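The values are calculated or read from the model by the stated rules, or taken from the named source; none is laboratory data. Fair warning: this is a prediction, and the values are worked out from it, not measured in the lab. Neighbour counts are summed over all protein chains in view; Cβ atoms, including those assigned to glycine, are modelled from backbone coordinates with ideal geometry.
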Amino acid sequence: MSETAKIIVEGKEYEFPIIVGTEGEKAIDISKLRDLTGHITLDIGFKNTGSTKSDITFLDGEEGILHHRGYSIEDLAEHASFLEVSYLLLYGKLPNAAEYEEFTSTIKEHTLANEGLLAMFNSFPTGSHPMGQLSSMVAALGLYYPKALNPHRSEEAINRTILRLMAKMPTICAMIYKKRNGHPTVYPKNSLDYVANYLNMTFGQVTMPEYEPDPVLVSAMNKLLILHADHEQNCSTSTVRIVGSSQANLYATISAGISALWGPLHGGANQEVIEMLEKIHHDGGDVDKWVAKAKDKEDPFRLMGFGHRVYKNFDPRAVIIKKSAYEVFEVTGMNPLLEIALKLEETALKDDYFISRKLYPNVDFYSGLIYQALGFPEEMFTVLFAIPRTVGWLAHMVELLGDKEQKISRPRQWYTGQDERSYTDLQKR
Ligand code: ACO
């Protein structure tokens, strides 16, 4: 007989099945808990709650392991292109040559964004945050494809929307960058691959059509996109799944994911890390002082790019990014902020506060240094996270839409407010 967990509620014993994942992860299936006992569970921040089963990504935070569809992140980052990894996440296997050709050429067919979007885009206030612009633009994009808003779409229609969203994300993100600089939009150049095309739309100029990004930078960017593509049930992916569970359209779900990613405790941390390193640099580079601030419970400052809900060991993505940073700096020249980052990491990793809480550098700690070296301004960093994460969100939506057991996400709560009372007339209050 398979394992069970016994729970005693108000003196009565109940048994719940223990289910085991393919990598040995165990979960107590409490789906019948309330029906049987009248009780719910309370788990603030979902620290112990599995919200779904999933075949996409395996993560072992204690060991620092990250796999997509069985392939290690190290293997993928070293050998694959971002679009191969995208195919893997979306369809469950690496593409063969013909599948890859079809996938990449279909994406290229959709790289242009409807010019109608420009009117809305141009009305955004100058200097407004790129993530706010991106989330609005993606939600608005759906309005140009009214059939895609129908919740009962065919598999083919869903796939078309997925490829369209993937294709247009770099175009929209580059438009945001160009507008920020007051420069005209550079249109997609479909002779380039996904990454080079994005860099061309961003750093190329209409007056300089011969712009060619350095292959080392294209390769670093490819790696960064792979490392950010998926990370199982994080805040933004859970948001996408919750919104998607109501059968909202894919544009709305991805827009919601972008909004969730924006927060400084999630994807927004990459911008905050560079701002923090710059502050430390201008403050004289006294790393010990800033580590002490991060440890001080009276001070709201946290060491940005440190700590993770799931990793209680090195974030494997941070290890790869740190190595990649050196390759980029060989081309672009050294950045004094790297030295501060290295000192900060060394000091924190020797400090009892960080050791006892198992706080290690996360994916955001070094990524901003590379983005900065590539020439991106800080407000664009989280946008650079959103481009690849869109594929992860879409893969989770494919899984959700194909899951016959899927239900609308609707958590319960533990009510702690006022108990029942009677209405009193306005004049008598
Ligand atoms: N600096 C200082 N102390 C920290 C940090 C940090 N970066 N991170 C966690 N702690 C401390 C907390 O104060 C808490 O201490 P306590 O037990 O004495 O109260 C303990 O470590 C546990 O922290 P929680 O906030 O409870 O952990 P949680 O899992 O909820 O939060 C999070 C994880 C949000 C990532 C947190 O570590 C953090 O705020 N880090 C900085 C922001 C950041 O880098 N975010 C990016 C995460 S990666 C991503 O989303 C792509």
| task | Filter segment 286-313 down to residues that are of a type outside the set (Phe, Trp, Tyr) and in contact with a Lys or Arg (Cβ under 8 Å, 6 or more places away or on another chain) and give me whichever is surrounded by the fewest Cβ atoms within 10 Å (Cβ to Cβ). | result | Asp299
| All but one of (1) touching a residue at least 40 places away in the same chain (Cβ under 8 Å); (2) surrounded by 13 or more Cβ atoms within 10 Å (Cβ to Cβ) hold for Leu42; which doesn't? | (2)
| said: So the check is Cβ under 8 Å with 6+ separation or different chains; which pairs have a first residue in segment 254-278 that's under 18 Å from Gly392 (Cβ atoms) and touching a residue at least 12 places away in the same chain (Cβ under 8 Å) and a second one that's of a type in the set (Phe, Trp, Tyr) and within 10 Å of the ligand (Cβ to nearest atom)? | reply: Leu261/Phe385; Gly267/Phe385; Asn270/Phe385
| remark: Pairs returned, first residue in segment 394-418 that is more than 23 Å from Leu250 (Cβ to Cβ), second residue that is hydrophobic (A, V, I, L, M, F, W, C) and modelled with pLDDT of 95 or more, beta-carbon separation under 7 angstrom, 6 or more apart or interchain, are Arg412/Ile40; Trp414/Leu42
| task | Quick one: which residue in Leu225, Leu265, Leu199, Leu217 is of a type outside the set (Asp, Glu), within 13 Å of the ligand (Cβ to nearest atom) and either assigned to a loop (DSSP other than H, G, I, E, B) or buried (at least 21 other Cβ atoms within 10 Å of the Cβ) (or both)? | result | Leu265
| Close pairs (8 angstrom Cβ cut-off, 6 or more residues apart or separate chains): part of a loop (DSSP other than H, G, I, E, B) in segment 336-365, among the basic types (Lys, Arg) and within 12 Å of the ligand (Cβ to nearest atom) anywhere | Asp351/Lys295; Lys358/Lys312; Tyr360/Lys312; Asn362/Arg317; Val363/Arg317
| request: Scan segment 407-426 for residues that are more than 30 Å from Met397 (Cβ to Cβ) and among the β-branched types (Val, Ile, Thr) and jot them down. | output: Thr416, Thr424
| field | Those residues of segment 59-81 which are more than 24 Å from Glu99 (Cα to Cα), surrounded by 15 or more Cβ atoms within 10 Å (Cβ to Cβ) and in contact (Cβ under 8 Å) with a residue 60 or more places away in the chain, in sequence order | value | Leu59, Gly61, Gly64, Ile65, Leu66
| request: Scan segment 168-184 for residues that are touching a residue at least 40 places away in the same chain (Cβ under 8 Å) and over 18 Å from Thr104 (Cα atoms) and jot them down. | output: Ile172, Cys173, Met175, Ile176, Tyr177, Lys179, Arg180
| remark: Apart from one, (1) within 16 Å of the ligand (Cβ to nearest atom); (2) more than 20 Å from the chain's Cα centre (by Cα); (3) under 21 Å from Leu400 (Cβ atoms) all hold for Glu62; the odd one out is (3)
| From the list Met137, Met131, Met120, which one is part of a helix (DSSP H, G or I), surrounded by fewer than 18 Cβ atoms within 10 Å (Cβ to Cβ) and in contact with a helix residue (DSSP H, G or I) (Cβ under 8 Å, 6 or more places away or on another chain)? | Met120
| remark: Taking segment 149-163 and keeping residues assigned to a helix (DSSP H, G or I) and farther than 24 Å from Tyr194 by Cα leaves Leu149, Glu155
| Of the residues that make up segment 92-112, is at least one buried (at least 21 other Cβ atoms within 10 Å of the Cβ), at pLDDT below 95 and assigned to a loop (DSSP other than H, G, I, E, B)? | no
| field | Criterion: within 16 Å of the ligand (Cβ to nearest atom) and among the β-branched types (Val, Ile, Thr) - qualifying residue of Thr390, Thr424, Thr416 | value | Thr390
| Per-region count, segment 282-322, residues more than 9 Å from the ligand (Cβ to nearest atom), in contact with a Pro (Cβ under 9 Å, 6 or more places away or on another chain) and of a type in the set (D, E, K, R) | 1
| said: Condition first: charged (D, E, K, R), within 27 Å of the chain's Cα centre (by Cα) and under 27 Å from Lys404 (Cβ atoms). Now tell me which residues in segment 1-54 satisfy that. | reply: Glu23, Glu25, Lys26, Asp43, Lys53
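Table: residues versus (1) farther than 17 Å from His281 by Cα; (2) within 15 Å of the ligand (Cβ to nearest atom); (3) at pLDDT 90 or above; (4) over 24 Å from the mean Cα position of the chain (by Cα).
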site: Val331; (1), (2), (3), (4): yes, no, no, yes
site: Leu337; (1), (2), (3), (4): no, no, yes, yes
site: Ile340; (1), (2), (3), (4): no, no, yes, yes
site: Ile355; (1), (2), (3), (4): yes, yes, yes, yes
site: Lys358; (1), (2), (3), (4): yes, yes, yes, no
site: Phe365; (1), (2), (3), (4): no, yes, yes, no
site: Phe376; (1), (2), (3), (4): yes, no, yes, no
site: Thr382; (1), (2), (3), (4): yes, yes, yes, no
